[in-house]
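To keep things clear, I will list the structure first and then write my remarks on it.
What follows draws every value from the coordinates through simple rules; no lab data is involved. Small disclaimer: the values here were computed from a predicted structure and weren't measured. FYI the Cβ positions are ideal-geometry reconstructions off the backbone, even for glycines, and counts take in every protein chain you see.
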Amino acid sequence: MVFTAAMTWIRELEGFIVKPCASRTGYDFLPRRQAEIDLGKASHKLRERGFTIDFETPVFFSAKINGKSVSVFKSGKISVKDEKNEEEAAMAAQTVIKEIFA
């Protein structure tokens with residue numbers, strides 16, 4: 001079996017359903033199980049690790065992750081905006097997951 005980078009992100013994101021964003025170019029990563037993220041703690045962890053948080057609301061925050069605009073929602077949804085390549089979007093989502101839950 002040949003092991004590829006795509007297999008890596010699929011395995012690490014297997015707790016999520018990937019869908020093209022309905023309203024714009026990008027991808028949504030929806031948790032398969034009900035989730036709730038503490039947005040304050042999550043954005044703090046990302047800031048500590050050098051990522052930029054663009055803005056925060058009680059429902060979601062927006063951040064720059066590896067040059068991509070990413071929104072993280074309290075529900076656990078991760079939205080990668082303005083990205084046509086699913087694998088690139090998945091790598092940004094994977095970074096968020098690793099950093100928040102590390």
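Amide H to amide H distances under 5 Å link I37 with S75, G76, where only residues 5 or more positions off or on other chains count and H is placed in the peptide plane. At the listed q of 0.17, 0.22 Å⁻¹, the Debye profile of the chain, built from one uniform point per Cα, gives log10 I(q)/I(0) equal to -0.71, -1.20.
If you take the beta carbon distance between N66 and R24 as r and set R0 to 25 Å, what does 1/(1 + (r/R0)^6) give as a FRET efficiency, to the nearest 0.05?
Numbers: r = 19 Å, r/R0 = 0.75.
E between N66 and R24, to the nearest 0.05, is 0.85.
Per-residue ellipticity at 222 nm computed for the chain from its helices equals -10000 deg cm²/dmol, with DSSP H segments shorter than 4 residues left out and the rest contributing -39,500 (n - 2.57).
Remark: spin-label model distance D54-F101 equals 2.5 nm, labels positioned 7 Å along the Cα→Cβ axis. Lys-Lys pairs in the chain that are eight or more residues apart or on separate chains and whose Cα atoms lie under 14 Å of each other come to 10.
Taking the Cβ of T52 as the centre, find all other residues whose Cβ is under 14 Å away and add up their charges (Lys, Arg: +1; Asp, Glu: -1).
Surrounding charge for T52 is +1.
Show me the GluC sites (Glu not before Pro) within the stretch 10-102 that DSSP assigns to loop and that have at most 16 other Cβ atoms within 10 Å of their Cβ.
Details: sites: E12, E14, E36, E48, E56, E83, E86, E87, E88, E99; in loops: E14, E36, E83.
Of the GluC sites (Glu not before Pro), the ones in loops of the stretch 10-102 whose Cβ has at most 16 other Cβ atoms within 10 Å are E14, E36.
How high is the relative contact order of the chain, given as a whole-number percent (alpha carbon pairs under 8 Å, six or more residues apart)? Once normalised by length, the contact order is 28 percent.
Taking S69, S23, S43 as the candidate residues, the one with maximal mean-square fluctuation in a Gaussian network model of the chain, Cα springs under 10 Å, is S23. Of the trypsin sites (Lys or Arg not before Pro) found in the stretch 6-102, those in coil by DSSP whose Cβ has at most 13 other Cβ atoms within 10 Å are R24, R32, R33, R49, K84.
Angle of helix 39-48 to the longest C-alpha principal axis of the chain, folded into 0 to 90 degrees and rounded to 10: 80°.
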